[in-house]
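*Asks:* Dropping the structure in here first, questions after.
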Amino acid sequence: MTIIDVFRQQPVADVDDEAIKLLSLRMFNMLASAQALALCGYAQNAAILGRDLLETVFLIDLFKRDPSAIKRWREAKTSAQKAEFKPVAVRTVLDQLDGFTEGKRAKLYKEFCELASHPTPRAAQMLRAGNGLAHGGPFHNANGLRAVVSELGRLALQVGLHVAGFHKLDEKSADAVIHFGETRLAWLSEFYPGAVQT
């Protein structure tokens, strides 16, 4: 979130830069809101925001790789033009660019849909506390909270990584990017120890 805040304070270079800044602020608000909801006992609602965050992270990733797509996205008017930026289309392009064939992006998106965003039988399970009873209103379930906060952490790393790529590095933003990189490595070392080479 610090990366987004520093990026927000940089002068707007052009309309494409403004679009990225606005999407970044959207992600800042989603991260803050999802964290607040999860800590207040609304894990499912936090996960609903997580899905929106995931879609936006994928879109920002696409824009970083293909800056010309920002203008097409901004100016899309027809259904055919907008179809290029539907979540499934963006995931497909990113998978192709990365050479991924396992569909991990689609699986994660589907998890968010089934557990939170869509009214499914699986989503109803998120309304159950540790005792198996369904609850209305806030309640804390250690497993649900852990899962949601973990996913938000993973998404926050992606947000920071992609937004940092749009920074014009000056002293202030360089410090924020360096601090983010250090925090990211510490987080990865903790949760994915085999992924970090020292």
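The values are calculated or read from the model by the stated rules, or taken from the named source; none is laboratory data. The structure displayed is predicted, hence computed values, not measured ones. Heads up, the Cβs are rebuilt from the backbone with ideal geometry, glycines too, and the neighbour counts pull from every protein chain shown.
*Asks:* Run residue 166 past the list (1) more than 30 Å from residue 12 (Cβ to Cβ); (2) modelled with pLDDT of 80 or more; (3) aromatic (Phe, Trp, Tyr) and report the number of the one that doesn't hold.
*Replies:* Result: residue 166 fails condition (1) only.
*Asks:* What helices (runs of 4 or more DSSP H) lie completely within the stretch 1-77 and have 1 or more residues being modelled with pLDDT of 95 or more and more than 17 Å from the chain's Cα centre (by Cα)? Before you say what the answer is, go through the steps one by one.
*Replies:* Details: elements: 2-9, 15-39, 43-65, 68-75.
Passing ranges, in order: 15-39, 68-75.
*Asks:* Let me ask another. Can residue 85 be described as in a loop (DSSP other than H, G, I, E, B), surrounded by 12 or more Cβ atoms within 10 Å (Cβ to Cβ) and modelled with pLDDT of 85 or more? Lay out the reasoning, then the answer.
*Replies:* Working: in a loop (DSSP other than H, G, I, E, B): yes; surrounded by 12 or more Cβ atoms within 10 Å (Cβ to Cβ): yes; modelled with pLDDT of 85 or more: yes.
The answer is yes for residue 85.
*Asks:* Taking the condition surrounded by 15 or more Cβ atoms within 10 Å (Cβ to Cβ), farther than 23 Å from residue 43 by Cα and of a type in the set (A, V, I, L, M), does residue 163 pass?
*Replies:* Values: surrounded by 15 or more Cβ atoms within 10 Å (Cβ to Cβ): yes; farther than 23 Å from residue 43 by Cα: yes; of a type in the set (A, V, I, L, M): yes.
Yes, satisfied.
*Asks:* For the stretch 126-137, check the following and say yes or no: at least one residue is exposed (fewer than 15 other Cβ atoms within 10 Å of the Cβ) and on the phi > 0 side of the Ramachandran plot.
*Replies:* Yes, the stretch 126-137 contains a residue that is exposed (fewer than 15 other Cβ atoms within 10 Å of the Cβ) and on the phi > 0 side of the Ramachandran plot.
*Asks:* Hey, can you tell me all the residues within the stretch 37-75 that are small (Gly, Ala, Ser), more than 29 Å from residue 136 (Cβ to Cβ) and surrounded by 15 or more Cβ atoms within 10 Å (Cβ to Cβ)?
*Replies:* Within the stretch 37-75, just 69 meets the criteria.
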